[in-house]
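Q: Following this message is one structure expressed as structure tokens.
The values are calculated or read from the model by the stated rules, or taken from the named source; none is laboratory data. Just so it is clear, the model here is predicted, and its values are computed rather than measured. Every residue, glycine among them, receives a Cβ derived from its backbone with ideal geometry; neighbour counts consider all protein chains shown.
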Amino acid sequence: MTDDIVARLRDWASCSLDRGRVDASKDFTEAADTIETLRAERDEARREVCAFSYDGPRRTAEDRGWDCFKEPADAP
């Protein structure tokens, strides 16, 4: 099992759909979509903070424990 909640929600949606629980499947899928959207917005906000930093973008990201410079396809 994966540690990523989005992957788990998508797995649960698939299992729920297989069992005929369309409403549960829709809820799990909606939750996963919402989390992905919020993560993308968070990452964009972090990149903006890094871009306007006096210490330089990479240092600011490292100091805060952010990975602002990974490609979206690499994101968990």
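Q: Somewhere in the range 53-69, is a residue in a loop (DSSP other than H, G, I, E, B), surrounded by 15 or more Cβ atoms within 10 Å (Cβ to Cβ) and small (Gly, Ala, Ser)?
A: Checking the range 53-69: at least one residue is in a loop (DSSP other than H, G, I, E, B), surrounded by 15 or more Cβ atoms within 10 Å (Cβ to Cβ) and small (Gly, Ala, Ser).
Q: Continuing with this model, one more query. Checking the conditions here, which among 60, 37 is hydroxyl-bearing (Ser, Thr, Tyr) and at pLDDT below 95?
A: Going through 60, 37 in turn, just one is hydroxyl-bearing (Ser, Thr, Tyr) and at pLDDT below 95: 60.
Per-residue answers, yes or no, for (1) β-branched (Val, Ile, Thr); (2) in contact with a helix residue (DSSP H, G or I) (Cβ under 8 Å, 6 or more places away or on another chain); (3) in contact (Cβ under 8 Å) with a residue 24 or more places away in the chain:
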site	(1), (2), (3)
10	no, yes, no
14	no, yes, no
24	no, yes, no
29	yes, yes, no
37	yes, no, no
49	yes, yes, no
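Q: Right, here's the next one. Of the residues 27, 11, 23, 43, which is exposed (fewer than 15 other Cβ atoms within 10 Å of the Cβ), part of a helix (DSSP H, G or I), of a type in the set (Asp, Glu) and modelled with pLDDT of 90 or more?
A: Within the list 27, 11, 23, 43, the selection yields 11.
Every residue, every condition in (1) small (Gly, Ala, Ser); (2) within 29 Å of residue 11 (Cα to Cα); (3) within 15 Å of the chain's Cα centre (by Cα), yes or no:
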position: 33; (1), (2), (3): no, yes, yes
position: 36; (1), (2), (3): no, yes, yes
position: 40; (1), (2), (3): yes, yes, yes
position: 43; (1), (2), (3): no, yes, yes
position: 49; (1), (2), (3): no, no, no
position: 54; (1), (2), (3): no, no, no
position: 58; (1), (2), (3): no, no, no
position: 61; (1), (2), (3): yes, no, no
position: 67; (1), (2), (3): no, yes, yes
